[in-house]
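Notes to accompany the following structure.
The values are calculated or read from the model by the stated rules, or taken from the named source; none is laboratory data. Predicted model only: the values in this text are computed from it and were never measured. Here the Cβ positions follow ideal geometry from the backbone for every residue, glycine too, while neighbour counts run over all protein chains shown. These area figures cover heavy atoms from the full protein model, side chains too; ligands, DNA and RNA do not enter into them. Shrake-Rupley method; radii C 1.70, N 1.55, O 1.52, S 1.80 Å.
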Amino acid sequence: MSDTPATGSFRDRPVSFVRRSGRMSDAQDRAWAELSDRFLWDVPRGEAETSVEPGAVADLTAVYGRSAPLIVEIGSGQGHAIIHAASSRPDVNFLAIEVFRAGLARTMLDADRAGVSNLRLAEANAPEVLQHLLPAASVDEIWVFFPDPWHKKKHTKRRLIAPEFTDIALGALRPGGRLRLATDWEDYAKQMRTVLDAAHGFARDFDGDWAERFEGRVLTAFERKGSRVGRDIRDLTYVTDSV
């Protein structure tokens, strides 16, 4: 599934994903048809399928039906972490950003089964959601757990955590907001730390080399597998200036 229009270039840098077509299960197809109206944002588009039209700022109170703190997860996969969090913290609004439709469908299905009402989903490129869809300084926390490491040297330019992203994240986070990161790829972990240590408006929210494991992150099969094969899980937490 292409994310590039037929003519011209329209993004300043490569996106951090390759959007592949994939067949959804019958249950996922039903979830998409029956639950999208409840969970999925109707995102105003730019030129590409996952783009967000500049200036399409959402009214969060209208979207969620209330005013509450907002936590955003980028690359929510099948939704395990964010459904657990939304179930555990009904006083908080949650937004899952993902480009893979099968994962979004599974998230909607499981959220419906869990009776979650404080979760919305966006099928879109995450930096564009932060920059164009969410109001400035509206987000309490941004979570980026196990993003694609793009481990080949020629592909590292596709990594999400880069100076351009930190500027966008800073604009979306409220003063005193947090950016939480986790990866099982050591090289990427070090890059994340280097980028955030140098980023304007962010400061470490941990002592030592790495943050303690974020207790709000549910332990998934992916993380268990990484630990089982000997990969160190690295957490990082940064806080924005309070004023």
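There is no residue in region 67-76 that is more than 18 Å from the chain's Cα centre (by Cα), assigned to a helix (DSSP H, G or I) and free of Cβ contacts under 8 Å to residues at least 12 places away in the same chain. Val116 - would you say it is buried (at least 21 other Cβ atoms within 10 Å of the Cβ), more than 26 Å from Thr166 (Cα to Cα), aliphatic (A, V, I, L, M) and modelled with pLDDT of 95 or more? Against the criterion (buried (at least 21 other Cβ atoms within 10 Å of the Cβ), more than 26 Å from Thr166 (Cα to Cα), aliphatic (A, V, I, L, M) and modelled with pLDDT of 95 or more), Val116 qualifies. Please determine whether any residue of region 157-168 is crowded, with 21+ Cβ neighbours inside 10 Å and assigned to a strand (DSSP E or B). No - not one qualifying residue is present in region 157-168. One residue stands out in region 93-126 among those that are in a loop (DSSP other than H, G, I, E, B) and free of Cβ contacts under 8 Å to residues at least 40 places away in the same chain: the one that is farthest from Arg159 (Cα to Cα), namely Gly115.
Restricting attention to region 180-211, the residues that are part of a loop (DSSP other than H, G, I, E, B), under 19 Å from Glu73 (Cβ atoms) and of a type outside the set (A, V, I, L, M, F, W, C) total 2. For the subset of region 212-243 comprising residues that are part of a helix (DSSP H, G or I) and not acidic (Asp, Glu), which member is most open to solvent (accessible area, probe 1.4 Å)? Only one residue fits best here, namely Arg228.
Going by the structure shown, is Pro135 over 19 Å from Asn93 (Cα atoms), touching a residue at least 60 places away in the same chain (Cβ under 8 Å), in a loop (DSSP other than H, G, I, E, B) and open to solvent by less than 50 Å² (accessible area, probe 1.4 Å)? In short, no. Among the residues here, Ala189 does not qualify as over 22 Å from Ile82 (Cα atoms) and crowded, with 19+ Cβ neighbours inside 10 Å.
Considering only residues that are surrounded by fewer than 14 Cβ atoms within 10 Å (Cβ to Cβ) and modelled with pLDDT of 85 or more, look in region 1-28 and name the one that is nearest to Ala162 (Cα to Cα). Selected residue: Ser25. Of all the criteria given as (1) open to solvent by 80 Å² or more (accessible area, probe 1.4 Å); (2) of a type in the set (Lys, Arg); (3) under 26 Å from His84 (Cα atoms), the one not satisfied by Arg178 is (1).
Per the conditions (1) of a type in the set (Lys, Arg); (2) modelled with pLDDT of 95 or more; (3) assigned to a helix (DSSP H, G or I), the sole criterion not satisfied by Lys154 is (2). Report yes if some residue within region 176-188 is among the hydroxyl-bearing types (Ser, Thr, Tyr) and either out of contact with any Lys or Arg (no Cβ under 9 Å at 6 or more places or on another chain) or more than 20 Å from Val99 (Cα to Cα) (or both); otherwise report no. Yes, some residue in region 176-188 is among the hydroxyl-bearing types (Ser, Thr, Tyr) and either out of contact with any Lys or Arg (no Cβ under 9 Å at 6 or more places or on another chain) or more than 20 Å from Val99 (Cα to Cα) (or both).
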